[in-house]
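Below is one structure; the comments refer to it alone.
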2 protein chains.
Amino acid sequence: MTKTKSSAATIRDVARQAGVSVATVSRYINHNAPVSAEVAARLETVMVELHYTPQANARSLATHRTHTLGLLMVDIAGDFFPPLLSGIEAVTYENGYDLLISSIREPERRRTFPLPVGPHNTDGLLVFADSLDAEGMQRFAASHFPLVLIHRSSPEGLIIPCVTVENKAASCTIVEHLIETHNRRRILFLQGPGEQEDSQWRELGYREALEKHNIPFDPALVAPGNFDRVIAYHSMQQLLARGVIFDAVFTGDDEAAVGALMALNEAGITVPDAVSVAGFDDQRMAPFLTPPLTTVRAPTEEVGRVAAQQLLSLIRTGQANPLTLLPTEIVIRCSCGCNS
Amino acid sequence: MTKTKSSAATIRDVARQAGVSVATVSRYINHNAPVSAEVAARLETVMVELHYTPQANARSLATHRTHTLGLLMVDIAGDFFPPLLSGIEAVTYENGYDLLISSIREPERRRTFPLPVGPHNTDGLLVFADSLDAEGMQRFAASHFPLVLIHRSSPEGLIIPCVTVENKAASCTIVEHLIETHNRRRILFLQGPGEQEDSQWRELGYREALEKHNIPFDPALVAPGNFDRVIAYHSMQQLLARGVIFDAVFTGDDEAAVGALMALNEAGITVPDAVSVAGFDDQRMAPFLTPPLTTVRAPTEEVGRVAAQQLLSLIRTGQANPLTLLPTEIVIRCSCGCNS
DNA sequence: CCGGTTACTGTAACCGGTTACAGTATAGCA
DNA sequence: TGCTATACTGTAACCGGTTACAGTAACCGG
């Protein structure tokens, strides 16, 4: 311990202490050139003694790589993100990268560049849903900055790798379940936010199921759910007040299902006897609702893992799959009328 | 657009294009020295034209500040983290900092330094619960690296600012509620992980409530819950199989409450008629359990906000409150016997 | 009119790593 | 023996910012 300065040891301190040049130290650290066994041993000792850790900034500056992935999201809270984040984080660290997260929460989504996360501090970006507009993507794409989109597709004219889940087929299947198994014909749809792609695909699945069974699409049976508990609740109340007749509800997501169940319950309408209910996402609360919710399970953690892997591949090789569509499965509980 | 090189513009490009020196550009960017109005205008134009963004690494290297906060956690998944993370992230960005997150998930918690996050890439660290052992903290503290602990207290001999919630008083209050309002006397306690401080405080609160009402503490009424659904479920099954008599259950957290409710339900024991149940945390699913769970609400997002604020204060001024204890409140639903 | 302050600007060193290039020593081979 | 390939090491330039220091011009008070 010859060092008493309060600041941390640098590579030059290590070099001096071990009696070698900084180049040798660097080579030993990065294992990119042979270093004699005795020098290696000496360096190892000195490094632990000095608690030496290479400074990330200096390294990035020299190599032009930050070894950091960025994640751009809309809102961290909510049931949806933990598994997504967990998957992303896992892959990120398995590959020795850091993860910088940033959420866009301003009311009017600011696109004021520079974003908190970008080429200036990361090697690539994971972009969730509509946390970045087409112009922003265009801008990144123009400078060939690696981008992978999660739960959305490339904007017009750009080819950016996307990772998402199969929304339409699963929606169709679950609605068909309501029709075929439970004989429902007037099925409400509480749609998600209009700009959300998941939402759009789920509506298409809903329509396809109706079509397959020759049930005419009735606009009166569609109302806003917005992936939001209270909005769905109010939509439901209004529909009931207007006396709209229906025998089932398919909600854009589980949050909306919660709101729908509350409204139905308050109105004294029994689920699933009078009305079947089905959601989408299989959030953690789904099995605990009354009745337990029939819904669609999406492999969200896997989406995170795959997205991070694709981004790393894009960074390292310049190659990534244009589209990864992960399978979903419907989980039948009681709210549709089964198991009761 | 004179620039055609694919790499991003540097400060020298901006300087050349605007006909000034790099020092002037830097000063304009950082507003730390006067720059003439006309030069300022010219720089503004050039900067947007070149899409110039100062590179974070180079800046950090020169200033010795990363403008990045690190977060060390145990496990990202679970209901608990989203609000915590949300609070941390909000404050971090309000202050122009970046957030680097890292979770320690290895079976045997590796303490192999360097951690993925530390002085080499951040200005300070938020440490959640036991994601870092005493030795690790000692090490950071020795080099005066800013640290703020979340949901745990300083290890012996160190003074590190802590932010957590009032566990004991709330536990005592909710157990007293079971005793006073619902006349319960044989109250099970499903304890959390032994090393978790929250868990320990909650047990102390439980014991204090018993003591206040002259109910002797009975070790037979304590079983492992581990903040885990299935462990609590099995503990409960065993207690029932052994024929232990009880009229209420206080679980270390809501996860354990879910397991307890499942076991009770399967055994045909009605809640809250035969047995009252109370949890802790007020997780998102709590109101949807059957019956809706009486529990304690902790201001988790606020914990995140305050912790980040304290860390920033520590970084900027060297000062922070040794201990911030945020208030909790009990939320009475039905599982205790109220509102039914 | 002069000395001193203020407003603004430029030059160049520096932060802590990486790496191109140059060099030495030894081994292998004819 | 000489010649080349290989193993290992060092010097110094470079990455893209910041900032100490120096310098010029305008302004201000007496």
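A few comments on the model shown:
- Karplus-derived 3J(HN,Hα), 6.51/-1.76/1.60, for each residue of the stretch A:171-181, Hz, glycine and proline x: 4, 4, 4, 6, 5, 4, 4, 4, 6, 6, 7
- Computed from point charges on the beta carbon alone (+1 for Lys and Arg, -1 for Asp and Glu), the dipole magnitude for the stretch B:48-113 about its Cα centre is near 340 Debye.
- Using distinct alpha-carbon pairs, which all enter the 1/r mean, Kirkwood radius of the stretch B:168-298 in Å: 14.1 Å
- Positive-end residue of A:Asn30, A:Ala40, A:His51, charge dipole of the stretch A:11-54 with Cβ unit charges: A:Asn30
- Legend: Rg and Dmax of the stretch B:11-54, from Cα coordinates, 9.0, 23 Å.
- In order through the stretch A:290-307: 3J(HN,Hα) via Karplus (6.51 cos²θ - 1.76 cosθ + 1.60), integer Hz, x for Gly, Pro: 10, x, x, 7, 7, 7, 10, 8, 10, x, 4, 4, 5, 4, x, 4, 4, 4
- Near A:Arg333, the amide H atoms lying under 5 Å from its own belong to A:Thr294, A:Thr295; only residues 5 or more places off or on other chains count, and H is placed 1.01 Å from N.
- Cut-off under 5 Å, modelled amide H: who pairs with A:Leu99 long-range: A:Leu69, B:Ile101
- Folded to 0 to 90 degrees: helix A:254-266 orientation relative to chain A principal axis, Cα: 30 degrees
- Hull-based mean projected area of the stretch B:240-308, where the convex hull spans the alpha carbons, in square nanometres: 5.1 nm²
- Neighbour-limited loop hits for chymotrypsin sites (Phe, Trp or Tyr not before Pro), the stretch A:179-223 (at most 16 other Cβ within 10 Å; DSSP other than H, G, I, E, B): A:Phe217
- Taken over the alpha carbons of chain B as equal point scatterers, the Debye sum produces base-10 log I(q)/I(0) values at 0.08, 0.10, 0.13 Å⁻¹ of -0.51, -0.69, -0.96.
- Averaged over the residues of peptide B:116-123, the number of Cβ atoms from other protein chains lying within 10 Å of each residue's Cβ is 5.
- The listed residues A:Leu190, A:Leu326, once ranked by accessible area (1.4 Å probe) with the largest placed first, stand as A:Leu326, A:Leu190.
- Counting only other chain Cβ atoms within 10 Å of each residue's Cβ, the peptide A:69-79 averages 3.
- Counts of other chain beta carbons within 10 angstrom of each beta carbon in peptide A:284-290 average 6.
- Residue of A:Ser143, A:Ser154, A:Ser26 that the Gaussian network model of chain A assigns the largest fluctuation, springs spanning Cα pairs under 10 Å: A:Ser26
- Summary of the geometry: the stretch A:146-202 and the stretch B:191-232, compared by the centres of their Cα atoms, lie 45 Å apart.
- Across the copies of the chain, B:Ala134 has label points (7 Å from Cα along Cα→Cβ) spaced 6.1 nm apart, shortest distance listed first.
- Computing Rg and the Kirkwood Rh from the Cα coordinates of the protein assembly as shown gives a ratio, Rg/Rh, of 1.01.
- Distance between the stretch B:298-332 and the stretch B:241-255 - C-alpha centres, whole angstrom: 32 Å
- For the stretch B:122-211, the list of trypsin sites (Lys or Arg not before Pro) that fall in a loop by DSSP and count at most 16 other C-beta atoms within 10 angstrom reads B:Arg185, B:Arg186.
- Cα-centre dipole for the protein assembly as shown with unit charges at Cβ (Lys and Arg positive, Asp and Glu negative), debye to 20: 2140 debye
- Chain B: relative contact order in percent, alpha carbon pairs under 8 Å with at least 6 residues between: 16 percent
- Karplus-derived 3J(HN,Hα) values for the stretch B:230-237, using 6.51 cos²θ - 1.76 cosθ + 1.60 with θ = phi - 60°, are 6, 5, 4, 4, 5, 4, 5, 4 Hz; glycine and proline are entered as x.
- Most mobile listed residue (A:Gln237, A:Gln17, A:Gln200) in chain A, GNM with C-alpha springs under 10 Å: A:Gln17
- Once C-alpha pairs closer than 8 Å and six or more residues apart are averaged by separation and normalised to the residue number of the stretch A:11-54, the relative contact order reads 40 percent.
The values are calculated or read from the model by the stated rules, or taken from the named source; none is laboratory data. Not measured: the values here are computed from a predicted model. Methodologically, a virtual Cβ is constructed for each residue, glycine included, from the backbone with ideal geometry; neighbour enumeration extends over all protein chains shown. Each accessible area value is taken on the protein alone, full model and side chains, heavy atoms only, with ligands, DNA and RNA left out. Shrake-Rupley method; radii C 1.70, N 1.55, O 1.52, S 1.80 Å.
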